[in-house]
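Remarks on the structure that follows.
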Amino acid sequence: MHPLIRLIALITALAIGLVQPAFGQNRGLSLIRDAEIENIIRDYSTPIFNAAGLDADSVTIHLVNDPRLNAFVAGGQRMFINTGLLMRAESPEQVMGVIAHEAGHIAGGHLARLQDELRNAKLKSILAMIVGTAAGLAAGDGRVAGAVIGGGTQAAFADLLKYSRTQESSADSAGLKYLDQTGTSSRGLLEFFELLQREIRVTGGREHPYLSSHPLTNDRITTVESHLAFSRFADAPTPADLAKKHAMMRAKLVGFMEPLGTTLKLYPATDNTLPARYARAIAYYQQSDLGQALPLIDGLIAEEPENPYFYELKGQMLLENGRVQDSLAPYQKMADLAPAEPLLRSALAKAQVESGNSALLEDALSNLLVATRSDPSLAGSWRLLTIVYGRLGMQGELALSQAEFNLLSGDPKAAEALGKRALDLLATGSPGWIRAQDIVSESER
């Protein structure tokens, strides 16, 4: 092979490796699960998804444990919302505005189109490298190659940023339309952009119109203001039930994620509202101070005896402080009030397993089967199933649940081996045997 051709081939290979898009960006993210918060976000998002022509049940929403103001979509119909955004949003409409924007990305097929644009940018960069290398070799001057390659790469990058800004503007416009269709004020989206603008100023950041993947925040604010001037929903009131849920969600997140001092500053003892007592109960429990936490949660239960999440919190307080037997009653009441919630059924099963009472194993098994059928992504439920099946002597089911757990945990080799073991132990043609076949095939791929 001619040296020039060999060099160009090497540069091309390097270019392909360097500009591969970082899809799967959720790897390494700290994701949290909470039934109450997930249901509140569902209440916000379902009407918006319907307005966008999306199947709300097909859009998976993930909560990211990250204090920054951010939300994004990735991997198809998967939406990620930072806890920092939820804690700092002062109204449901602010969160709904962000959800509407992200729904615009999903409905517009922006992820697939961005992949095409990334491929175009990659080809432009490769072409610049090839032309630059040839020019440098012909001139005998490496600086010529560098200038050509640098100019071509910068042009490709600028085109990509311009395309991204176009997509963001399109998602803004779509989001405003969806909000109007659901009778929701776009003022929340305006307030979010204003919050984002203050964040940029506080951190000393400056937006450059040609080095940004998003339109300038000032321009986005102007767009929403213009929309509000003509929207008949500009002053639509916040539904009382959503306002209450939003306040409870913020209090819960603050109680779990902020230091005790910060929580007490935001929700002082003089504040006797439901959200304030909720935040303080969680904050004291986080400090293992049940002497103050339990009376607070008992007061909340007395006030709202049909709220499953108050019983969930009480059960969690008791279980994690070694009072396993005492946790069973509030956990059972929680599951009775919300029998279809997989996270809650799994929490009850955990307490039943940790009680050491063999008479509760069948109940734990029933709860875990409900949980995993409703949400197969719950790795913790599959882990608990391995314990239950092991204690019940159900070896085939044990191997299958171990295979499921390893597949979710990112260990396909172990999942394949355990899936094959399940095939040997389970009745041929049974639902478990068929699932074991699927796991083996998926692991091999």
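Scanning region 68-106 for residues that are of a type outside the set (S, T, N, Q) and under 16 Å from Thr182 (Cα atoms) gives Pro92, Glu93, Val95, Met96, Gly97, Val98, Ile99, Ala100, His101, Glu102, Ala103, Gly104. Being modelled with pLDDT of 95 or more and either more than 20 Å from Asp66 (Cα to Cα) or not in a helix (DSSP H, G or I) (or both) is true of Thr184.
Every listed requirement among (1) outside any helix (DSSP H, G or I); (2) in contact (Cβ under 8 Å) with a residue 24 or more places away in the chain; (3) farther than 18 Å from Pro339 by Cα is met by Gly429 save one, (2).
Looking at region 49-68, can you tell me whether even one residue there is part of a helix (DSSP H, G or I) and crowded, with 18+ Cβ neighbours inside 10 Å?
Our first condition is that a residue be part of a helix (DSSP H, G or I); within region 49-68, this holds for 49-51, 56-58.
Add one more test, that the residue is crowded, with 18+ Cβ neighbours inside 10 Å, and what stays is 49, 51.
Checked against the condition, which is being part of a helix (DSSP H, G or I) and crowded, with 18+ Cβ neighbours inside 10 Å, region 49-68 yields at least one hit.
For region 322-358, residues that are in contact with a Ser or Thr (Cβ under 6 Å, 6 or more places away or on another chain) and either farther than 23 Å from Arg391 by Cα or buried (at least 24 other Cβ atoms within 10 Å of the Cβ) (or both) total 2. Glu93 - would you say it is under 22 Å from Ala236 (Cβ atoms) and either part of a loop (DSSP other than H, G, I, E, B) or in contact with a Gly (Cβ under 6 Å, 6 or more places away or on another chain) (or both)? So Glu93 fits the description; yes. Within the set Glu320, Glu312, the sole residue that is of a type in the set (D, E, K, R), touching a residue at least 40 places away in the same chain (Cβ under 8 Å), farther than 23 Å from Gly84 by Cβ and out of contact with any strand residue (DSSP E or B) (no Cβ under 6 Å at 6 or more places or on another chain) turns out to be Glu312. Scanning region 14-33 finds one or more residues that are of a type in the set (A, V, I, L, M), farther than 22 Å from Leu196 by Cα and modelled with pLDDT of 85 or more. Against the definition (in contact with a Leu (Cβ under 7 Å, 6 or more places away or on another chain), over 23 Å from Ala103 (Cβ atoms), small (Gly, Ala, Ser) and at pLDDT below 65), how does Gly205 come out, yes or no? No; evaluated as a whole, the condition is false for this residue.
When you check Val370 against the structure, is it closer than 23 Å to Tyr309 by Cβ and more than 25 Å from the chain's Cα centre (by Cα), yes or no? No.
When the residues of region 387-419 are filtered to those that are small (Gly, Ala, Ser) and outside any helix (DSSP H, G or I), the one that is surrounded by the fewest Cβ atoms within 10 Å (Cβ to Cβ) is Gly393.
Considering region 317-339, and only residues there that are touching a helix residue (DSSP H, G or I) at 6+ places or on another chain (Cβ under 7 Å) and either part of a loop (DSSP other than H, G, I, E, B) or polar (S, T, N, Q) (or both), the residue that is nearest to Gln286 (Cα to Cα) turns out to be Asn321. Between Leu368, Leu400, the distinction of being over 17 Å from Gln332 (Cα atoms), at pLDDT 95 or above and in contact with a Leu (Cβ under 8 Å, 6 or more places away or on another chain) belongs to Leu400 only.
The values are calculated or read from the model by the stated rules, or taken from the named source; none is laboratory data. As the structure is a prediction and not an experimental result, all values here were calculated from the model. Using ideal geometry, Cβ is built from the backbone for each residue, glycine included, and neighbour counts are taken over all protein chains shown.
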